[in-house]
Amino acid sequence: MLAQQADRVMALGEWEERWQEDRIGFHQPHVHKMLESHIDKVLAGRTGVRFFFPLCGKAVDMKWLADMGHSVVGVEISEKAIKQFFEENNMTYSEEPVPALAGAKVFKGSEKNISLYQSDLYNFSSAIEGQFGAIWDRGSLVAINPRDREKYAALIISLMAKDCRYLLDTMLYNPELYEGPPFLVPDDQVNSLFGKSCDVELLESFDSLTDRQRGWGLDYLDERVHVITPKSI
């Protein structure tokens with residue numbers, strides 16, 4: 001099933017174009033219901049958790065978590081998306097260069113503990129912001145080029161603190177009907193990417209086919225939510 005999409009490539013510039021042209025059907029104007037449903041599982045009784053958002057866009061989930069007292073670090077290639085996040089949530093922010101990341105900038109919220117890096121995700125590392133107690137991956141693994149998944153998984157694992165809980169949202173559909181993105185990520189690939197160093201638990205699977213995906217030509221779309229935790233040594 002993966003062969004159909006194996007060579008599909010989206011350049012960073014194409015993602016920036018989508019933001020510039022407001023072709024952002026993947027953005028949700030409300031907190032993702034799967035984050036709401038499983039937040040207790042992610043927090044595991046902890047307060048003041050540091051959350052990482054790969055390819056964060058302008059996800060309103062970030063403000064929701066910050067309002068609960070957690071801190072958020074996101075990485076996003078589109079400067080427009082980052083500025084829109086702060087503006088649409090009526091938040092002031094500062095903007096500064098990141099010496100350790102060539103060409104990157106960090107936008108820091110003044111009222112909430114939110115830092116969003118405008119950067120290529122693969123240039124980011126734990127040297128910049130340390131490790132995290134939680135990661136919310138709603139549209140990142142399914143958006144990156146399929147050939148980059150092992151590199152991506154290695155980065156995510158390197159950003160996980162020992163008590164990290166990584167909430168991952170994936171999709172299953174017939175790739176013969178749609179080339180992506182978002183891309184198909186089967187459960188067995190989730191396990192092969194993360195299973196050596198982490199425990200992978202499927203929390204929920206549900207039908208999320210809407211008219212938008214029917215317009216892509218799909219006849220089914222299952223969304224799968226996993227929680228991934230580092231194996232105890």
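Does any residue in the range 1-17 that is closer than 18 Å to Met171 by Cα and at pLDDT 85 or above come within less than 6 Å, Cβ to Cβ, of a residue that is open to solvent by less than 70 Å² (accessible area, probe 1.4 Å) and assigned to a helix (DSSP H, G or I) six or more places away or on a different chain, and which pairs are these?
Gln5/Pro146; Ala6/Pro146
Please determine whether any residue of the range 221-232 is closer than 30 Å to Lys63 by Cβ and free of Cβ contacts under 8 Å to residues at least 40 places away in the same chain.
So far as the range 221-232 goes, no, none of its residues is closer than 30 Å to Lys63 by Cβ and free of Cβ contacts under 8 Å to residues at least 40 places away in the same chain.
Give Ile135, Ile128, Ile114 a once-over and let me know the one that is in contact with a Leu (Cβ under 8 Å, 6 or more places away or on another chain) and buried (at least 21 other Cβ atoms within 10 Å of the Cβ).
None of the other options fit; the residue is Ile135.
Exactly one condition in (1) surrounded by fewer than 17 Cβ atoms within 10 Å (Cβ to Cβ); (2) within 17 Å of the chain's Cα centre (by Cα) is false for Met171; which is it?
Exception for Met171: condition (1).
Out of the residues in the range 175-220 meeting the condition of being touching a strand residue (DSSP E or B) at 6+ places or on another chain (Cβ under 6 Å) and part of a loop (DSSP other than H, G, I, E, B), tell me which one is farthest from Glu150 (Cα to Cα).
Ser208
Just checking: which of the helices (runs of 4 or more DSSP H) contained wholly in the range 77-167 hold 2 or more residues that are closer than 25 Å to Arg23 by Cβ and touching a Lys or Arg at 6+ places or on another chain (Cβ under 7 Å)?
Fully inside the range 77-167 and qualifying: 79-88.
The values are calculated or read from the model by the stated rules, or taken from the named source; none is laboratory data. This one's a predicted model, so the numbers in the text were calculated from it and none came from an experiment. Here the Cβ is made from the backbone with ideal geometry for all residues, glycine too, and neighbour counts use every protein chain on show. With ligands, DNA and RNA removed, areas are computed over all heavy atoms of the protein, side chains included. Shrake-Rupley method; radii C 1.70, N 1.55, O 1.52, S 1.80 Å.
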